[in-house]
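One structure, as structure tokens, below. Some questions next.
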């Protein structure tokens with residue numbers, strides 16, 4: 001098991017730059033997620049690491065072995081990297097057992113015990129060994145693909161959006177099984193995904209990519225609580241973004257006077273709250289009020305859209321037990337500190353629900 | 001390397017076309033005027049045009065009607081009818097023609113020719129249209145009904161526009177086959193360009209007359225191809241949803257059930273029963289003069305050997321282009337792929353004529369040898385192999401290569417363990433279709449076969465030319481038996497190998 005270091009890697013397809021100087025370090029035995037919207041270059045980075053394509057510049061190092069850079073490129077087959085493609089990519093003409101043992105030496109391929117062991121590692125029954133790939137469900141195909149990638153004991157495993165084609169119900173189980181198998185095998189893993197919930201819940205560290213650059217590399221909690229900019233903030237979760245005025249270290253805004261996470265100079269600023277920080281109460285004097293516009297009920301929790309008297313709309317996330325009905329007047333309070341960003345920071349249009357997945 | 005091979009294949013495919021163009025330029029405008037603007041050519045043009053127009057119209061009506069009945073109506077026995085409606089493809093057109101004229105010698109008229117070729121060719125429209133009906137999303141029809149349209153309006157305003165590509169494609173196929181058809185029309189004594197070229201060639205060998213007639217014929221083929229492209233336009237009707245379409249609810253025919261059944265039965269009787277009955281009759285009559293077993297075995301042997309060789313060569317030739325068309329899609333590879341299709345749209349008689357002349361002039365030691373004959377087969381039947389090679393390569397995306405490489409597999413190892421196993425079924429299907437096409441190929445074989453080499457088709461032809469209908473029957477039966485498997489393949493997957 002080895003670490004992965006990517007230094008100043010660039011790549012263009014024709015005149016279109018796809019990666020513009022990526023630096024990334026993945027510690028040995030860790031699980032890193034490459035998170036970004038489609039077209040941000042994350043899959044290209046994965047293919048460069050795997051050796052399916054060569055970077056235009058920069059170096060890629062596995063452990064202490066440079067596999068790409070300074071004019072040398074180790075071919076994919078000599079890198080010892082396991083690869084799990086988007087839809088599994090199982091060889092359709094081979095049985096499950098033959099798929100799993102594809103990367104092993106000829107005499108090891110006949111070893112039924114090894115097949116059983118690998119299938120068990122990914123939580124599959126040994127009875128499936130003689131099936132054809134098309135007889136498996138999508139989740140089973142992904143697990144077989146992982147078993148196949150792990151069979152030659154790779155130093156690094158790359159997963160390219162392996163769960164995106166699965167039904168929501170299958171996705172959770174498959175994620176769980178994949179996480180456990182990766183832990184059990186002690187492999188270093190890099191997962192490409194556009195689903196922030198997947199990245200936050202599975203990974204030890206998340207690398208957020210945008211427009212061919214890596215904008216933040218952090219553990220999931222830091223990423224959620226201290227995003228480098230409002231763009232990342234809204235990408236990794238629902239956000240309440242408000243204009244505020246800082247005086248004496250306190251932010252004055254439509255939701256009242258809020259403490260700040262980190263000191264910020266006096267003057268106009270823009271603050272970030274997470275919807276779960278917004279609390280609703282009976283209407284009382286002294287607190288800002290709002291009218292409930294609508295309630296999206298998810299069972300375990302709910303998202304409440306609130307219209308402030310100023311016309312601004314904010315989101316609150318509540319547990320599902322006590323919900324206001326549409327049109328009621330409520331008062332708002334905020335728990336915890338707000339995060340300050342420079343005034344006028346651009347915010348990506350937050351599409352409610354689409355990128356959250358935290359439901 | 002592959003690209004160079006693909007360029008060579010395209011050059012081979014375009015050879016006959018290039019020969020005709022080169023020859024025309026050599027002859028010059030005055031020569032062309034002298035050779036082409038003659039009453040005889042006008043007569044041939046009129047014959048060819050009215051036969052093509054009549055046949056296309058009849059085939060379109062029959063194919064569309066039969067496809068609607070089988071795919072959309074509640075007519076009883078739809079699966080059986082489907083097989084029976086594809087079955088005429090197992091009887092080569094010239095055998096069908098023989099079956100009819102040997103029973104009814106009075107068929108040597110326009111009407112007779114129209115009847116016989118329509119019965120032979122309507123499946124070319126039926127098959128793609130039936131497949132298109134199957135692919136139509138029932139939700140569209142339901143939506144139309146929801147908007148208040150009746151059955152007839154649904155057919156006219158919703159289904160027919162979506163079937164346009166299939167009907168046009170089928171009609172083009174009928175036209176190109178008909179323009180190249182030699183045996184059937186020669187036997188019916190209905191002169192068209194193809195038969196006239198043959199007669200000219202027999203009379204004056206490779207005179208400029210035959211070549212100029214071929215030039216006009218090629219021009220008509222190219223114009224048809226262009227017209228089809230224009231008419232089809234950008235009509236790619238993508239389905240807006242994914243996943244398999246729900247099965248359709250068949251339209252009940254009510255009181256029309258019996259007339260529909262009678263219509264289908266009449267069509268099948270004319271297209272399948274008549275040729276089979278005729279063949280059976282002549283087999284019985286011919287057997288009085290004892291079956292020439294030795295000759296049958298020898299002819300079958302040489303036919304199978306030629307067909308096998310041509311199948312392997314043609315599939316091998318299709319491989320580089322088919323591979324590049326998928327794996328390295330670009331303007332050049334698309335052009336190379338198109339040029340093989342274009343080359344194959346040239347009728348067999350023209351390909352044969354071009355190869356005869358070129359081999360005599362450039363490589364006399366190759367004239368009337370097996371390689372030239374196989375080259376002709378390859379030019380004619382490349383699309384059958386190409387369509388299958390292409391779809392096989394599409395089934396084997398680069399992803400599998402990448403995965404295998406990541407698992408430590410070398411280039412050769414990947415070819416052996418991944419690529420070839422995945423391609424094998426498609427390559428096999430392509431080779432099988434070429435094989436079966438060669439078994440019943442008549443025109444090019446007549447002109448190019450080495451002296452002393454007879455195939456089932458040419459042996460059949462020489463027997464019928466002497467009006468020995470009984471002696472011809474066993475060869476015809478063998479060809480029908482050998483064609484049957486291809487017909488089964490086609491009835492399963494209408495898109496495969498239908499081109500030329």
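Which percent of Cα pairs goes in each bin when the distances of segment B:288-500 are cut into 5 angstrom slices starting at zero?
1, 7, 13, 16, 16, 15, 11, 8, 6, 3, 2, 1, 0, 0
Next question. If you find the alpha carbon centre of segment A:44-117 and of segment A:256-298, how far apart are they in angstrom?
49
Please work out the Cα center distance from segment B:299-336 to segment A:202-225, rounded to the nearest Å.
51
Convex hull over the Cα atoms of segment A:247-301, averaged projected area in nm²?
The number I arrive at for segment A:247-301 is 5.4 nm².
A further question follows. Taking Cα pairs under 8 Å and at least six residues apart, what relative contact order does chain B come out at, in percent?
Here the relative contact order equals 23 percent.
Let me ask something additional. With 10 angstrom as the radius, rank B:152, B:46 by how many other C-beta atoms surround their C-beta, starting from the fewest.
On the way: B:152 8, B:46 11.
By the 10 Å Cβ count, ascending: B:152, B:46.
Let me ask something else. If you count the DSSP beta bridges with both ends in the protein assembly as shown, what percent of them are antiparallel, to the nearest 5?
Values: 61 of 81 bridges.
Around 75 percent of the beta bridges assigned by DSSP in the protein assembly as shown are antiparallel ones.
I'd like the distance separating the alpha-carbon centroids of segment B:22-100 and segment B:179-202, in whole Å.
Measuring centre to centre over Cα atoms gives 14 Å.
So what is the relative contact order for chain A, in percent, with contacts set as C-alpha pairs under 8 Å and at least six apart?
Once normalised by length, the contact order is 16 percent.
Quick one: helix A:112-121 against the long Cα principal axis of chain A, what's the angle to the nearest 10°, folded into 0 to 90?
Once rounded, one gets 0 degrees.
Compare the peptides B:261-272, A:258-269 by average per-residue count of other Cβ atoms within 10 angstrom and give them in order, highest first.
Packing proxy ranking, top to bottom: B:261-272, A:258-269.
Counting other beta carbons within 10 Å of each residue's own, what order do B:407, B:447 fall into, fewest first?
With the sparsest Cβ surroundings first, the list reads B:447, B:407.
Here is a further query. Please report, to two decimal places, log10 I(q)/I(0) for segment A:4-225 at q = 0.07, 0.13, 0.15, 0.18 Å⁻¹ as given by the Debye formula with identical point scatterers on the Cα atoms and no solvent.
-0.21, -0.74, -0.97, -1.31
Take peptide A:181-190, look around each residue's Cβ out to 10 angstrom, count Cβ atoms belonging to other protein chains, and average those counts.
Rounded to a whole number, the mean comes out at 0.
Over all residues in B:406-415, what is the mean tally of Cβ atoms on other chains that come within 10 Å of each residue's Cβ?
Whole-number average of other-chain Cβ neighbours for B:406-415 is 6.
Give the percent of DSSP beta bridges with both residues in segment A:4-225 that are antiparallel, rounded to the nearest 5.
Percent antiparallel among DSSP bridges in segment A:4-225 is about 55.
What number, in nm² with one decimal, is the all-direction average of the projected area of the convex hull of the alpha-carbon atoms of segment A:168-286?
10.8
In whole Å and largest first, what semi-axes does the C-alpha gyration tensor of segment B:271-410 yield when each eigenvalue is scaled by 5 and square-rooted?
Over the Cα atoms of segment B:271-410, the ellipsoid semi-axes are 39, 23, 16 Å.
On the principal axes of its Cα set, how long, how wide and how thick is segment A:240-342? Give whole Å, largest value first.
In descending order, the Cα extents are 40, 27, 20 Å.
I'd like the mean, over residues of A:86-98, of how many other protein chain beta carbons sit within 10 Å of each residue's own Cβ.
Numbers: counts 1, 1, 2, 7, 2, 8, 5, 10, 4, 0, 0, 0, 1.
Mean shielding by partner chains, rounded to a whole number: 3.
Separate question: When the helices in chain A are scored as -39500 (n - 2.57) per DSSP H run of 4 or longer and the sum is shared across all residues, what 222 nm value do you end up with, to the nearest 500 deg cm²/dmol?
Here the helix-only value at 222 nm equals -6000 deg cm²/dmol.
Hey, what number do you get for chain B at 222 nm if only DSSP H runs of n ≥ 4 count, each worth -39500 (n - 2.57), divided across all residues, to the nearest 500?
Values: 24 runs with 378 residues, N = 500.
Taken over chain B, the calculation gives -25000 deg cm²/dmol.
Once the Cα atoms of helix A:138-150 and of chain A are each reduced to a long axis, what angle between those two axes, in degrees from 0 to 90 to the nearest 10, is obtained?
Relative to chain A, helix A:138-150 is tipped by roughly 60 degrees.
OK, next. Taking other Cβ within 10 Å of each residue's Cβ, how do B:461, B:29, B:365 sort, fewest first?
B:365, B:29, B:461
While we're on this one: Of A:207, A:105, A:50, which has the largest mean-square fluctuation in a 10 Å C-alpha GNM of chain A?
Per the Cα network of chain A with a 10 Å cutoff, A:105 tops the list.
With a 10 Å radius around each residue's Cβ, average the other Cβ atoms per peptide and rank A:58-68, B:312-322, A:324-334, B:336-346, highest first.
Ranked from most to least packed, the peptides come out as B:312-322, B:336-346, A:58-68, A:324-334.
Compute the normalised compactness of the protein assembly as shown: alpha-carbon radius of gyration over 2.2 N^0.38 Å, N being the residue count. Before the final figure, lay out each step's value.
On the way: Rg = 35.6 Å, N = 859, 2.2 N^0.38 = 28.7 Å.
Expressed relative to 2.2 N^0.38 Å, the Cα Rg reads 1.24.
Hey, another quick one. At a 10 angstrom cut-off on C-beta neighbours, averaged per residue, how do the peptides A:43-49, A:175-181 rank from highest to lowest?
The densest-packed peptide leads the list: A:43-49, A:175-181.
Bear in mind that the values in this text are calculations on the coordinates, not laboratory data. Source: prediction; values computed, not measured. We place every Cβ from the backbone using ideal geometry, glycine too, and count neighbours over all the protein chains shown.
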